[in-house]
1. With all protein chains present, calculate the accessible area of F97 using a 1.4 Å probe and round the result to the nearest 10 Å².
2. Got a number for carbon plus sulfur as a percent of segment 184-223's accessible area, 1.4 Å probe?
3. Magnitude of the Cβ-charge dipole of segment 38-88, K/R +1 and D/E -1, about the Cα centre, nearest 20 debye?
4. Determine ³J(HN,Hα), in whole Hz, for all residues of segment 55-68 in sequence, where each value follows from phi through the Karplus function 6.51 cos²θ - 1.76 cosθ + 1.60 and θ = phi - 60°; x replaces Gly and Pro.
5. Could you tell me which of T132, F63, A42 has its Cα farthest along the dipole of segment 36-146 towards the positive end, charges placed at Cβ (Lys, Arg +1; Asp, Glu -1), taken about the Cα centre?
6. Could you give each residue of segment 109-123 its phi-based ³J(HN,Hα) in whole Hz, using Karplus coefficients 6.51, -1.76, 1.60 with θ = phi - 60°, and x for Gly or Pro?
7. Work out how much length H76 to L250 would gain on full extension: take 0.36 nm times their residue separation and subtract the Cα-Cα distance, in nm to one decimal.
8. With every protein chain kept in the model, how would you rank I61, I194 by accessible area, 1.4 Å probe, largest at the top?
Amino acid sequence: MCRSKLLISLVFATFIASCSTSPTGRGQLIFKSDAELEAQAASTFNAYRSTLPLTTDRAKIDFVACVAQAVVAELHPPYSDIEWELAIFADKQVNAFAMPGGKIGVYEGILEITEDEHQLAAVIGHEIAHVTARHVNERASRAAITSIGIEALAVIMGGGYTGGAYTASQVMGAGAALGMQLPMSRSQETEADIVGLEYMAKAGFDPRAAVDLWQNMAAMDKKQPPEHLSTHPAPKTRIENLISQWQKTLPIYNQAIADGKESNCKKTWE
Ligand SMILES: [Zn+2]
C-alpha cells in the first residue's frame with residue numbers, strides 16, 4: 001500500500017516572503033486544467049498561511065495531524081501519491097477546507113465543535129471528499145465567476161475578516177481562492193458526506209460520529225450566523241442521509257478495527 005505523506009506546515013513556518021498571488025480580474029476565474037487549478041490552490045494556500053496566524057498549541061497540532069494523517073492514508077491513487085499539506089489556523093472560525101493538489105486547512109474553531117477524533121475525522125473526510133470527487137474542478141470550470149465583490153472576499157476569509165483586520169493586498173491575494181471557497185451545491189455536499197464517511201470508516205473512525213458533528217453544528221448555527229461549513233444542507237436532511245449510510249459504512253469501520261486500525265488520536269486538552 002502506498003501510504004501518503006502528510007507534510008505539516010506549521011507554527012514556526014516563516015512567512016512566505018513573496019506570496020505573490022496576483023489579483024485576478026473579475027470574471028477571469030476560469031481554470032483550464034487540473035494543473036492550473038492546483039497551481040492556483042497552492043498559491044491560495046500559501047496566501048492563507050501568510051495571512052492567518054498558525055496555531056502554536058502543540059496538543060492541537062498533534063491531534064489534528066494525527067487524524068488527518070490517518071484519513072489521508074486511506075485514499076486511493078492519484079490522491080494517495082500526493083504529499084498532502086496541513087495548516088492549522090489559530091482562528092475562531094468553525095471551518096475547514098481541502099484544496100486540489102492536496103492542501104488541508106483546519107481552523108481551531110472547529111475543535112470547539114468536534115468533541116473527539118471521530119467527529120474531526122468526519123470533517124476532514126468530508127473536505128477531502130470534495131477534492132477527490134472533483135467538486136472544485138467542476139465548479140471552477142462551470143463558468144466565469146462575475147461580480148465578485150468585497151463581500152465574497154469576506155466570505156472566503158470567513159468570520160476572520162472583520163473589515164480592516166487584513167490589508168487590502170492580503171485580501172486580494174486570498175481572492176485567488178474565490179474559485180475554490182464559494183459554497184458547493186447541495187448534491188456536492190451530499191456526495192462529500194457519503195464519500196467522507198467511507199474515508200473515515202476505512203481509517204478506523206466511527207462513521208456514526210458524523211451525525212453528532214452535524215448536530216453540534218446545527219446547535220451552533222442557532223446561536224450565531226452560519227459560516228462556511230454550515231452553508232451546507234439543512235441539518236435534518238443531512239443527518240437522515242448520514243444515517244442511511246450506516247448500513248454500508250459500519251461494516252467498513254468494523255473491518256478497519258479488526259485490521260487493527262483503531263485510532264489512537266486523542267484530544268489531550270479540555
Ligand atoms: Zn462541504
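The values are calculated or read from the model by the stated rules, or taken from the named source; none is laboratory data. This one's a predicted model, so the numbers in the text were calculated from it and none came from an experiment. Cβ sites come from the backbone with ideal geometry, for glycine too, and all protein chains shown count toward neighbours. SASA here: full protein model, heavy atoms, side chains in, ligands and nucleic acids out. Shrake-Rupley method; radii C 1.70, N 1.55, O 1.52, S 1.80 Å.
1. Its heavy atoms expose roughly 0 Å² to the probe.
2. 48 percent
3. Rounded to the nearest 20 debye, it is 260 debye.
4. 5, 10, 7, 4, 4, 5, 4, 4, 5, 5, 5, 4, 5, 4
5. The residue sitting farthest along the positive end of the dipole is A42.
6. x, 5, 6, 7, 9, 7, 7, 7, 5, 5, 5, 5, 4, 5, 5
7. Net length gain for the segment: 60.7 nm.
8. So the residues, ranked largest to smallest area, are I194, I61.
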